[in-house]
There are 2 protein chains.
Amino acid sequence: MVIKGNILYTQDHKTLHTIRNGCLVVHGGVIEKTCTWEEFCASDDSAETIHDYGNQLIIPGMVDLHLHASQFAFCGLGMDRELLDWLAEYAFPEEMKYADMNYAETAYQSFVDTLLHSPTTRACVFATIHKDSSLKLAELMRDAGFAAYIGKVNMDRQSPEGLCEDTARSLADTRDFIETVLSWNCEIKPIITPRFVPSCTDQLMAGLGKLSKEYHLPVQSHLAENPNEVELVKKLNSKAKSYGDAYDMFGLFGSNGPAVMAHCVYPEAAELELMKQNGVFVAHCANSNFSLASGIAPARKYLEQGINMGLGTDIAGGFSISMFRAIQDTISVSKLYWRLRDDGAAPLSFTEAFYLATMGGGRFFGKVGSFLPGYAADILVLDDSREQDASEPDLRKRLERLCYLADSDVVSAKYINGRLVMEKASPSKSCC
Amino acid sequence: MVIKGNILYTQDHKTLHTIRNGCLVVHGGVIEKTCTWEEFCASDDSAETIHDYGNQLIIPGMVDLHLHASQFAFCGLGMDRELLDWLAEYAFPEEMKYADMNYAETAYQSFVDTLLHSPTTRACVFATIHKDSSLKLAELMRDAGFAAYIGKVNMDRQSPEGLCEDTARSLADTRDFIETVLSWNCEIKPIITPRFVPSCTDQLMAGLGKLSKEYHLPVQSHLAENPNEVELVKKLNSKAKSYGDAYDMFGLFGSNGPAVMAHCVYPEAAELELMKQNGVFVAHCANSNFSLASGIAPARKYLEQGINMGLGTDIAGGFSISMFRAIQDTISVSKLYWRLRDDGAAPLSFTEAFYLATMGGGRFFGKVGSFLPGYAADILVLDDSREQDASEPDLRKRLERLCYLADSDVVSAKYINGRLVMEKASPSKSCC
């Protein structure tokens, strides 16, 4: 299969490649070659199908490294609290509703439908503590064609009745969840998901560490989002050397396999060292971090120190499910961080933010988020013809403008692992 | 005329009124009465026309206190510079194009079309130095039915060739512009528009002060947006006691009539006193202030000190023309200001930001931006049926969510001074 159009992708956080009238040669769900259409026609290559998207923009699918599917229903509400109060007043009461399979199915279907039309192709997703509805979410995302890590959430302390699990039961349900999802043998994978340190006893953490090891599963959780939360962790886990160490003690901080930690707004020096050493991924959630008044994560520092990083929408702490918006917000807060916090931390460029939204987060999944040979054929086709500058010769400018101005509905087609999962109108057929 | 639906409006920055199934009784372009539909039907009032908008939300039109129509064409581009470099590299080259009437007419028409479908009903608008194209903008906005102050910009120093006017010519052109627009005797009014202190000699400022006095015209300009700009003003205008004083010396800072100053990110104490004393309006441009890395204006302080304030999109320093987005951004940056700058400055509530976007800015125009009796019948009808919670009983929540999640296309009808200027689909007719 060949996908033809104006191609943009990053190679690293400093390098954006653009190919006017280019094409992606896709084989077995993987990018085989990325070149100009001229080069393709002049080569010995042939293709059974050529999807010609004309003047549209073609970019790698975006990776949302952190969001709560179970909070989608109240997106855009409850933006008047800090983290711990927000959890108690908005997030927890909503998540309790997922004990009801009817509610869960309707709400998760609405989430999946919206995500399908967004720029996101892959995601690390929190469900709730409820095994059955978490499986329903996994099933709906599988059927929609997504590639994702989905976690049944674990909580056995400091949680309201209805969301506070018995430790043994929590672990048993998690094992069931893991085995069921693995049995599908598809692009939806389970991920170990302790909610965050305050919600999990050491006993639960130890059990989750064992499950992670036994099934070779990655881990997702939260780290150092808000000053009050950081204080709470110090109080609750006085034996841990840091917030990160409270995960690391149980092999849940990258030592046994990939781990992604949302937020990381207030990293301690030792923690930073541990993150680097263990290859922990930061899910930088700019929108959530201003919406819940948490602060601004030091993204420039993470980039400079070579710490793994991608972007997260953190629905519904963040109010927008759009990764275009995540790119905007990442850049915007980096400017305020530079101005208000550290004038040594240069604002992030468009290329850097675009890299984070695609390849930065994609690396958590392996060769994902770029169009280099061997990368997963996760492809977005973007129709910016309604913008004023579809005639603009500079492809980077067209993409930048689209990320600032466009709604999700500019996504006109979406491929995941080379498989078409969403298309608004059929492309024309081409031949050389 | 009666407008029927779910009504929301503020009375002051602390009080949001909501009326489920309410109506606005409009007479002579002005709100006569705001009440429930039941009350209306039980009263002796009658109406020739009743526009029934069913379950839709009905709010006052929004007032954009600061934007540059002549920069709309590059919205969403050039977000990688600070103010002075951004002006030189992006804004000034674009504004030069408005010497060409063909370019100006096409670009301004596109601006007006977009603004018409946005939540904005009134605005304070910068054109460029060019008299003829500025008149064209005024004409297009008049024909679209807007109420607005439109300024031909004045610049006679520190400006690139092509945008640097001869002082006498600048004043003569401004007089022509004023007289032509005033002769239309409509809702489009001229406003005195020195670009900002660095661009204007004292001689020009003095002439503009005289024009303001002679024609009883308000003033719009920029104040203390960026630290480098503030330094430049100190260097250029060493006789002025402050940036604000450099306007005040010539009667351009509220002493002779209303003045609105964009940004006010770095106010000095004496300046603040002068603003209070002269009733100067702050146009708080949150998006622009992070996009150009300027900083965050102390909006809470302005509210507490009773300083006049509204919101501005500052197209194209800000990248979004939507006042919904201005509300979001105002709240978001106020949270970061609280967290990073001053934990005594409580984040702005939704009601406060909504007030600023409607009544706060509306006060610059007189009785505008509320549905209290005697206010201009500037009315937005909002269709949030595509959002998940149109069945939500709490009207404030519905509006809040819409401001966070909706695109401009939720505006289904717009009235200015009681006159319908935009409508997507006809409302049904009702009778008691």
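The values are calculated or read from the model by the stated rules, or taken from the named source; none is laboratory data. Owing to the predicted nature of the structure, the values given are computational and were not obtained by experimental measurement. Every residue, glycine as well, gets a Cβ built from its backbone with ideal geometry; the counts of neighbours run over all protein chains shown. Heavy atoms of the whole protein, side chains included, go into the accessibility calculation; ligands, DNA and RNA do not. Shrake-Rupley method; radii C 1.70, N 1.55, O 1.52, S 1.80 Å.
Give me the aspartates and glutamates in straight-line cross-link reach of residue A:213: C-alpha distance below 16 Å, same-chain residues under 8 apart excluded.
A:176, A:179, A:248
With unit charges on the beta carbons (Lys and Arg positive, Asp and Glu negative) and the dipole taken about the Cα centre of segment B:1-120, which residue among B:69, B:111, B:3 sits farthest to the positive side?
Checking the options against the dipole of segment B:1-120, the answer is B:3.
Shortest first and in nm to one decimal, what separations exist between residue B:394 and its copies in the other chains, measuring from label points 7 Å along the Cα-to-beta-carbon line?
Label-point separations across copies, in nm and ascending: 4.5.
Let me know the Rg and Dmax you get for segment A:62-365 when you use only its Cα atoms, in Å.
My reading of the Cα-based Rg and Dmax gives 17.4, 52 Å.
Magnitude of the Cβ-charge dipole of segment B:96-147, K/R +1 and D/E -1, about the Cα centre, nearest 20 debye?
Working: 5 positive and 6 negative charges, 36 e Å.
In debye, rounded to 20, segment B:96-147 gives about 180.
Hey, what do the phi angles of segment A:257-272 turn into as Karplus ³J(HN,Hα) couplings, whole Hz, using 6.51/-1.76/1.60 and θ = phi - 60°, x for Gly and Pro?
Along segment A:257-272, the couplings run x, x, 10, 10, 10, 6, 5, 6, 7, 10, x, 8, 4, 5, 5, 4 Hz.
Output the 0 to 90 degree angle, nearest 10, between the alpha-carbon long axis of helix A:131-144 and the longest principal axis computed from the alpha carbons of chain A.
Helix A:131-144 sits roughly 0 degrees off the main axis of chain A.
Which aspartates and glutamates have a Cα less than 20 Å from the Cα of residue B:241, not counting those fewer than 8 places away in the same chain?
Filter leaves B:202, B:225, B:229, B:231, B:268, B:271, B:273.
Taking H as built 1.01 Å from N, whose amide H comes closer than 5 Å to the amide H of residue A:154, not counting residues under 5 places away?
Residues meeting the amide H criterion: A:193, A:195.
When the Kirkwood hydrodynamic radius is evaluated over all pairs of different C-alpha atoms of segment B:69-220, what value in angstrom, to one decimal, is obtained?
Details: mean 1/r = 0.0641 Å⁻¹.
Here the Kirkwood hydrodynamic radius works out to 15.6 Å.
Using the Karplus curve 6.51 cos²θ - 1.76 cosθ + 1.60 with θ = phi - 60°, work out ³J(HN,Hα) for each residue of segment B:217-226 in order, rounded to whole Hz, and write x for Gly and Pro.
Along segment B:217-226, the couplings run 10, x, 10, 10, 6, 10, 9, 6, 8, 9 Hz.
Please compute, for the alpha-carbon atoms of the protein assembly as shown, the extent along each of the three principal axes and give them in descending order in Å.
84, 72, 53
In Å, what Kirkwood hydrodynamic radius results for segment A:78-152 from the alpha-carbon pair distances? Before the final figure, lay out each step's value.
Working: mean 1/r = 0.0761 Å⁻¹.
The answer is 13.1 Å.
Roughly how big is segment B:62-365's charge dipole about its Cα centre, with Cβ charges of +1 (Lys, Arg) and -1 (Asp, Glu), in debye to the nearest 20?
Numbers: 26 positive and 37 negative charges, 136 e Å.
In total the dipole reaches around 660 debye.
Can you pull the percent of Cα pairs in segment B:139-270 with separation above 28 Å?
So the portion of pairs separated by more than 28 Å is 16 percent.
Measuring label to label, 7 Å along Cα→Cβ, what does residue B:423 give against each other copy in nm, shortest first?
Residue B:423 label point versus its equivalents elsewhere: 4.1 nm.
For segment B:199-336, which semi-axes, largest first and in whole Å, follow from the square roots of 5 times the eigenvalues of its Cα gyration tensor? Walk me through the numbers on the way to the answer.
Numbers: eigenvalues 123, 51, 43 Å².
Working through the eigenvalues yields semi-axes of 25, 16, 15 Å.
Suppose you put the label 7 Å out from Cα in the Cβ direction; list, shortest first and in nm with one decimal, how far residue B:42 is from each other copy's label.
So the label point of residue B:42 gives 8.3 nm to the other copies.
Calculate for chain A the 222 nm mean residue ellipticity that helices alone would give, adding -39,500 (n - 2.57) per DSSP H run of length 4 or more and normalising by residue count, nearest 500 deg cm²/dmol.
That calculation yields -10500 deg cm²/dmol at 222 nm.
When only C-alpha pairs under 8 Å and at least 6 residues apart count, what is the relative contact order of segment B:62-365, in percent? Spell out each step's value before the answer.
Working: 627 pairs, mean separation 59.8, N = 304.
Relative CO of segment B:62-365 lands at 20 percent.
5 Å is the cut-off here: which amide hydrogens, built 1.01 Å from N in the peptide plane, fall below it relative to residue A:56, excluding neighbours closer than 5 in sequence?
Counting only residues 5 or more places away or on other chains, the set is A:6.
Which whole-Hz couplings ³J(HN,Hα) result when phi for each residue of segment B:80-91 is put into the Karplus expression 6.51 cos²θ - 1.76 cosθ + 1.60, θ = phi - 60°, listed in order with x for Gly and Pro?
Going residue by residue, I get 10, 9, 8, 2, 5, 5, 4, 4, 5, 8, 10, 5 Hz, with x marking Gly and Pro.
What's the ranking of B:121-130, B:309-318 by average number of surrounding C-beta atoms within 10 Å, highest first?
Output ranking for B:121-130, B:309-318: B:309-318, B:121-130.
List the residues of segment A:321-365 whose accessible area drops by at least 40 Å² when all protein chains are present, compared with their chain alone, using a 1.4 Å probe and counting only protein heavy atoms.
A:325, A:332, A:335, A:336, A:339, A:340, A:341
If one takes the longest principal axis of the Cα atoms in chain A, at what angle in degrees, from 0 to 90 and to the nearest 10, does the Cα axis of helix A:323-340 lie?
Taking the Cα atoms of chain A, the angle to A:323-340 is about 70 degrees.
Would you mind checking which residues have amide H under 5 Å from residue A:222's amide H? H placed 1.01 Å from N; only 5 or more apart, or other chain.
A:197, A:262
Are any of the pairs A:210/A:367; A:14/B:335; A:367/A:414; B:131/B:189; A:397/A:424; B:367/B:424 more than 20 Å apart by Cα-Cα distance, and if so, which? Write down the numbers at each step before the final one.
Numbers: A:210/A:367 27 Å; A:14/B:335 31 Å; A:367/A:414 18 Å; B:131/B:189 15 Å; A:397/A:424 24 Å; B:367/B:424 27 Å.
Distance filter (> 20 Å) returns A:210/A:367; A:14/B:335; A:397/A:424; B:367/B:424.
Between segment A:218-238 and segment B:291-365, how far is it from one alpha carbon centroid to the other, in angstrom?
31
Per residue, what volume in Å³ does the convex hull of the Cα atoms of segment A:10-73 enclose?
On the way: hull volume 10.6 nm³, N = 64.
Taking the convex hull of the Cα positions in segment A:10-73, it is 165 Å³ per residue.
Counting only heavy atoms of protein chains, what accessible area per residue, in Å², does chain A have with a probe of 1.4 Å? If you can, show how the numbers build up before the last one.
Details: 14680 Å² over 432 residues.
Heavy-atom accessible area per residue stands at 34 Å².
What shape does segment B:284-432 have by the C-alpha gyration tensor, where a ≥ b ≥ c are the square roots of the eigenvalues, rounded means a/c under 1.5, and otherwise prolate means a/b greater than b/c and oblate the rest?
Note, shape of segment B:284-432 comes out prolate.
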